[in-house]
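The values are calculated or read from the model by the stated rules, or taken from the named source; none is laboratory data. Quick caveat: nothing in here was measured; it's all calculated off a predicted structure. Don't worry about glycine lacking a Cβ; one is built from the backbone with ideal geometry, like all the others, and counts go over all protein chains shown. Accessible surface is based on the protein model in full, side chains and every heavy atom, while ligands, DNA and RNA are left aside. Shrake-Rupley method; radii C 1.70, N 1.55, O 1.52, S 1.80 Å.
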Amino acid sequence: MAQPILHHRHAEFIALSKRINRHLQVLFCTEQPVLTLTSSGTGAAESAITSLFARGETGININNGKFAERWGKMMTIFGMNTVEVMIPWGHAVSEPDYEPLLVEALRAHPQAACVWLVHSETSTGTFTDIRRMAELIRTHSSALVCIDGITSVGAHECRTDEWGLDVVITGSQKGLMIPPGLSFIALSERAWKRVYDERADKIPSFYFSLAQARKEWESNSTPWTPAVTLFVGLDKALDMLVEEGIEHVWKRHELLAHGMRAGVQALGLELFSSSPSNAVTTVHLPPAGKHLVSLLKQKYSATVIGGQDSLKDKIFRISHLGFYDEGDMLALLGVLEHALHEIGQVIQPGSGVAAAQRAFMGVA
Ligand SMILES: *Cc1c(COP(=O)(O)O)cnc(C)c1O
């Protein structure tokens, strides 16, 4: 990425884009185009909403966290009729207690054009079983199944075609392991039909027009100047993911998450989510934990992050999304033990690390 800038209409860049486009289809498990947009992940959601839907159409939003909340706001801003299905933070609509709320919303709004679900809700560290939810939605409705896969693509199994997902989006700074600035979107065939229907009340878009992006994609190009430097990094990141094997990437995240959960629980801490994501582990802050996050950062150069909104000073979040292995998890748990001891939490030294090791090694 530190090399001289490529020109985006030159053969070298087109060849690089071609490789990227092929590899993105592997990552998304789809035969359909996966478009790369120069924007953060939110831009991909905007491209979907503006390219697919019309003013006054109904969109159901499964709202179980800070990111989920965003997609409801966005539909409303663009003149859609948003139906919010509120799920308490830390829970998923795919849990038995909450699934009836989705069915109820689908029955009450048979004309709904879409349902938005966040596969891995990063604000609460919650995983939603979108495979089952997609099936459920399709049996009750013709609404498009729209997935925020921003911290799931490249972490959790996500089979766009096989599971009948109509929109799947992600962003460069999450599972793709490169700096922020690119977003990605895959659409199903029936979603593409909507892109091309020319109803008069369609939400307008220009920069984020998926019809434009698709047209240029056919020749491995983009309608506007892309963030070429990020494409160079993306090419390498995708090489790494494809070389490791996408199924192995999912398994690695599962293992790291499993070890991290075992580790923090062995330290007497409590998980926040009842349906934990493999991308991020959310943990209740211990009573004296107000400065835990800053202590870890300042003294141990270990980055974890606190909660947002109502979860501020209530939880902290540990990432294992992307370029991580067992060693990273053990190092974090090691300094977490130190920091917990320093804030006066009684812990058994080595117990968090040992529990994670047992999980990684598969021994009792
Ligand atoms: C990071 C994140 C987003 C926001 O993406 P931006 O790149 O900031 O636009 C949306 N959804 C989830 C689940 C995320 O983790």
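On the stretch given as region 130-183, residues that are within 14 Å of the ligand (Cβ to nearest atom), farther than 22 Å from Leu101 by Cβ and among the polar types (S, T, N, Q) total 5.
Residues checked against (1) more than 26 Å from Glu121 (Cβ to Cβ); (2) among the small types (Gly, Ala, Ser); (3) open to solvent by 40 Å² or more (accessible area, probe 1.4 Å); (4) more than 21 Å from the chain's Cα centre (by Cα):
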position	(1), (2), (3), (4)
Leu269	no, no, no, yes
Gln308	no, no, yes, no
Leu336	no, no, no, yes
Val346	yes, no, yes, yes
Phe360	no, no, no, yes
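Is there a residue being assigned to a helix (DSSP H, G or I) and either under 23 Å from Ile185 (Cβ atoms) or at pLDDT below 95 (or both) anywhere in region 103-114? Scanning region 103-114, I find no residue that is assigned to a helix (DSSP H, G or I) and either under 23 Å from Ile185 (Cβ atoms) or at pLDDT below 95 (or both), so the answer is no. The residues listed here are Glu84, Glu95; of these, the one that is out of contact with any helix residue (DSSP H, G or I) (no Cβ under 8 Å at 6 or more places or on another chain) and either surrounded by fewer than 20 Cβ atoms within 10 Å (Cβ to Cβ) or assigned to a strand (DSSP E or B) (or both) is Glu95. Contact map, region 110-123: first residue within 20 Å of Ser274 (Cα to Cα) and open to solvent by 10 Å² or more (accessible area, probe 1.4 Å), second residue within 16 Å of the ligand (Cβ to nearest atom) and assigned to a strand (DSSP E or B), Cβ cut-off under 6 Å, separation 6 or more or different chains; pairs are Thr122/Val280.
I want to confirm something. Restricting to region 30-54 and keeping residues that are in contact with a helix residue (DSSP H, G or I) (Cβ under 8 Å, 6 or more places away or on another chain) and more than 16 Å from the ligand (Cβ to nearest atom), which single residue is most open to solvent (accessible area, probe 1.4 Å)? This residue is Glu31. Got at least one residue in region 55-72 being within 19 Å of the chain's Cα centre (by Cα), surrounded by fewer than 22 Cβ atoms within 10 Å (Cβ to Cβ) and more than 12 Å from the ligand (Cβ to nearest atom)? Yes - at least one qualifying residue is present in region 55-72. On the stretch given as region 1-29, residues that are open to solvent by 100 Å² or more (accessible area, probe 1.4 Å), part of a helix (DSSP H, G or I) and free of Cβ contacts under 8 Å to residues at least 24 places away in the same chain total 2.
Taking the stated definitions as given, is Leu101 more than 16 Å from the ligand (Cβ to nearest atom) and open to solvent by less than 10 Å² (accessible area, probe 1.4 Å)? For Leu101, the condition - more than 16 Å from the ligand (Cβ to nearest atom) and open to solvent by less than 10 Å² (accessible area, probe 1.4 Å) - is not met.
Of everything listed in (1) open to solvent by less than 10 Å² (accessible area, probe 1.4 Å); (2) hydroxyl-bearing (Ser, Thr, Tyr); (3) more than 15 Å from the ligand (Cβ to nearest atom); (4) more than 20 Å from Ala68 (Cβ to Cβ), the single unmet condition for Ser205 is (1). Based on this model, can you work out whether Gly90 counts as on the phi > 0 side of the Ramachandran plot and surrounded by 19 or more Cβ atoms within 10 Å (Cβ to Cβ)? Yes; evaluated as a whole, the condition is true for this residue. Residues of region 271-291 that are over 23 Å from the mean Cα position of the chain (by Cα) and assigned to a loop (DSSP other than H, G, I, E, B): Leu285, Pro286, Pro287, Ala288.
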